[in-house]
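Comments concern the structure below.
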Amino acid sequence: MASNQYFTLKEVQLNNNCPECYSNNGLQLTFKQQFKENKLYKAITKETFIEMHCNTCKTDIFPGRWTDEIDRVVDYQKRAAIPKPKSLKLKKLAWIIISIEVALLIIGLLFAFGVLKF
Ligand SMILES: [Zn+2]
């Protein structure tokens, strides 16, 4: 089973006032992109999400608490944050399994065509 994980795509410090403590130097916006990983592969998906955290009052700022000004900055930053393209990387184990299957297929074909005989 592949589990969903996220990596940080981009972190931005905002000058906006925190909706909780009104500090203007604690807000941090984090763009994350999802990837799936299991024993056979690691795949980057197109799913992204945004987290906002205030380092001054140590609070996660959820979109419901964002002010219009924060919304605008987030929109702007969203356009500047380019997600990584979707990709799939096979791991060593997957390649080993594929190699064994290909080898078995070739051996099978050689027997079928009478090239190899017991
Ligand atoms: Zn705060």
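Looking for whichever is surrounded by 12 or more Cβ atoms within 10 Å (Cβ to Cβ), at pLDDT 95 or above and small (Gly, Ala, Ser) here; the options are ALA103, ALA94, ALA81. Which one fits? Don't jump to the end; show me each part of the working.
Values: ALA103 fails: surrounded by 12 or more Cβ atoms within 10 Å (Cβ to Cβ); ALA81 fails: at pLDDT 95 or above.
Only one candidate qualifies: ALA94.
Just one of GLY108, GLY114 is surrounded by fewer than 10 Cβ atoms within 10 Å (Cβ to Cβ) and more than 30 Å from LEU29 (Cβ to Cβ); which is it?
Numbers: GLY108 fails: surrounded by fewer than 10 Cβ atoms within 10 Å (Cβ to Cβ).
Sole residue among the options that is surrounded by fewer than 10 Cβ atoms within 10 Å (Cβ to Cβ) and more than 30 Å from LEU29 (Cβ to Cβ): GLY114.
Condition (residue is charged (D, E, K, R), surrounded by fewer than 14 Cβ atoms within 10 Å (Cβ to Cβ) and in contact (Cβ under 8 Å) with a residue 24 or more places away in the chain) applied to the stretch 18-31: is it met by at least one residue? First the steps, then the outcome.
Narrowing the stretch 18-31 to residues charged (D, E, K, R): 20.
Add one more test, that the residue is surrounded by fewer than 14 Cβ atoms within 10 Å (Cβ to Cβ), and what stays is none.
No: the stretch 18-31 contains no residue that is charged (D, E, K, R), surrounded by fewer than 14 Cβ atoms within 10 Å (Cβ to Cβ) and in contact (Cβ under 8 Å) with a residue 24 or more places away in the chain.
Starting from residues that are under 24 Å from PRO83 (Cα atoms) and touching a residue at least 24 places away in the same chain (Cβ under 8 Å), keep the ones in the stretch 48-65 and report whichever is nearest to the ligand (Cβ to nearest atom).
CYS54
Can you tell me which condition PRO19 does not meet? The list is (1) farther than 30 Å from ILE98 by Cα; (2) of a type outside the set (S, T, N, Q); (3) not in a loop (DSSP other than H, G, I, E, B), and all the others hold.
Here PRO19 meets the rest and fails (3).
The values are calculated or read from the model by the stated rules, or taken from the named source; none is laboratory data. This structure is a prediction, so every number in the text was calculated from the model and none was measured. Neighbour counts run over all protein chains shown; Cβ positions are idealised from the backbone, glycine included.
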